[in-house]
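Since every read-out is calculated from the coordinates, none of them should be taken as a lab result. As the structure is a computational prediction, the values presented were derived from the model and not from experiment. Cβ coordinates were reconstructed from backbone atoms using ideal geometry, including for glycine residues, and neighbour counts include every protein chain displayed.
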Amino acid sequence: MIPVYKTSLYESHRACKAKIINYADFLLPEQYPTGIIAEHNAVRKAAGLFDVSHMGEIFFSGKDALKNLNFLLANDFTSMVDGQVRYSVMCNREGGSIDDMIIYRFDEENYLAVVNAANTIKDHGWMVAHSFGDVSVDNVSDSIAQIALQGPLAKDILLKLVPESDLPAKYYTFRKDVLVGGMKCLISQTGYTGEAGYELYMSNEDAPDIWDILLAAGKDKGLKPCGLGARDTLRLEAGMPLYSHELSEIISPLECGLDFSVQLSKDDFIGKEALLRSPVPDSKRIGLRVTGRGIARERQRVFFDNKHIGMTTSGTHAPFLKIPIAMANVLTDSVEIGMTVEIDIRGRRTTAEVIPLPFYKRQKQV
């Protein structure tokens, strides 16, 4: 029997009357009594608080840590500086995506990879099997909790607890050993919602107190605890890929539109040869606005001119934009922005317009 895990915030979610579900073998909140739409819009207009402690953390240390990362992952980490974060995909030898992740650089010999929860054991096994030289690759997931504070008022809330000099100043940077309520945290300016915000890493023991402190600090700012339901609708509105939907072991980062994270000019990395063989991928990720009746979901067939050109990968009714949207993987030369396709929704075709990604893009603050 597969074990089911509780994060250190499980009792905090129960106290907030969350609906708990099994996700990637973790008991996590799907939503709270206010509901997914209210949580989603709180993040767009004010702020939301998420338990993302199920995410995996894998630590690379040693003189050859950088060489290993550059061999294992498609991005190039050579130019990273201490306190910087960088996104990448880890490919298999066929160019498919084993996982996507973000890398934190502490110094030239110490890096943290934050990976998707369902892939932690798989990723760690692959990394260890393909490591070399002076490097330790350690799965430290069980000792770390993670809380995401996301939304336009996230910074205002944190400034009640932390001096501005202790916050990461730029997107995709972090500060370590920041005291929040007297407890040490790593705070990064990162997120998975399309909004400005932060992700905080701390010990499991400190997580419940930090959760309560953040909720109290954000009470007058409209901060809401948010579950997996809102996390998914937010990332979809922002056009962000989700592993096992937009990315998989048979979908390359180039097919997913993640070219920015693939550095084919660097020295050899796993999957490079396969990606070079197909610099123009056979398929591509597109955005769709459903114009006919119905809501598109994942794994529904997409047609153009009565020809089957691909499949939807994710779909929902966007709570903030108030339109039905979907992402799809389709043949590269099949359609362009502005064209109309059909989606087979439970045996009935409905129309959709190809529109640019992301569907939602936040206004940058001056």
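Give the separation of the Cα centroids, the range 21-86 to the range 126-199, in Å.
Measuring centre to centre over Cα atoms gives 9 Å.
Provide the three semi-axes, in whole Å and in decreasing order, of the ellipsoid equivalent to the chain as defined by the square roots of 5 times the Cα gyration tensor eigenvalues. Each step should come with its number before you reach the end.
Details: eigenvalues 202, 156, 65 Å².
Taking √(5λ) for each Cα gyration eigenvalue gives 32, 28, 18 Å.
From the residues L276, W126, V302, which one has its Cα farthest along the dipole of the chain in the positive direction, the dipole being from +1 and -1 charges on Cβ of Lys/Arg and Asp/Glu about the Cα centre?
Selected residue: V302.
If the viscosity is 1.306 mPa s and the temperature 10 °C, what translational diffusion coefficient in µm²/s does Stokes-Einstein give for the range 282-355 when Rh comes from Kirkwood over Cα pairs? Write out the running numbers ahead of the final one.
Numbers: Rh = 11.7 Å.
Reported coefficient: 135 µm²/s.
I need the Debye-formula profile for the range 228-354: one equal scatterer per C-alpha, no solvent, reported as log10 I(q)/I(0) at q = 0.22 1/Å, two decimals.
With no solvent term, the Cα-only Debye profile gives -1.27.
Do any of K184/K361; K17/K45; K155/K176; K45/K219 go past 25 Å between their Cα atoms, and which? Show your work: numbers first, answer last.
Values: K184/K361 32 Å; K17/K45 23 Å; K155/K176 17 Å; K45/K219 14 Å.
Correct reply: K184/K361.
Would you work out the charge dipole size for the chain about its Cα centre, treating the Cβ of every Lys and Arg as +1 and the Cβ of every Asp and Glu as -1, and quote it to the nearest 20 debye?
Working: 41 positive and 47 negative charges, 327 e Å.
It works out to roughly 1560 debye.
Of the options L161, V180, I250, report the single residue whose Cα projects farthest towards the positive end of the charge dipole of the range 161-295 (beta-carbon charges: Lys, Arg +1; Asp, Glu -1).
Looking along the dipole axis, the top candidate is I250.
Can you tell me which aspartates and glutamates have their Cα less than 14 Å from the Cα of K284? Leave out same-chain residues fewer than eight positions away.
Qualifying aspartates and glutamates at Cα under 14 Å: E246, E255, D259, D333, E336.
Looking at the chain as a GNM with Cα springs under 10 Å, which of S53, S252, S278 has the largest mean-square fluctuation?
S278
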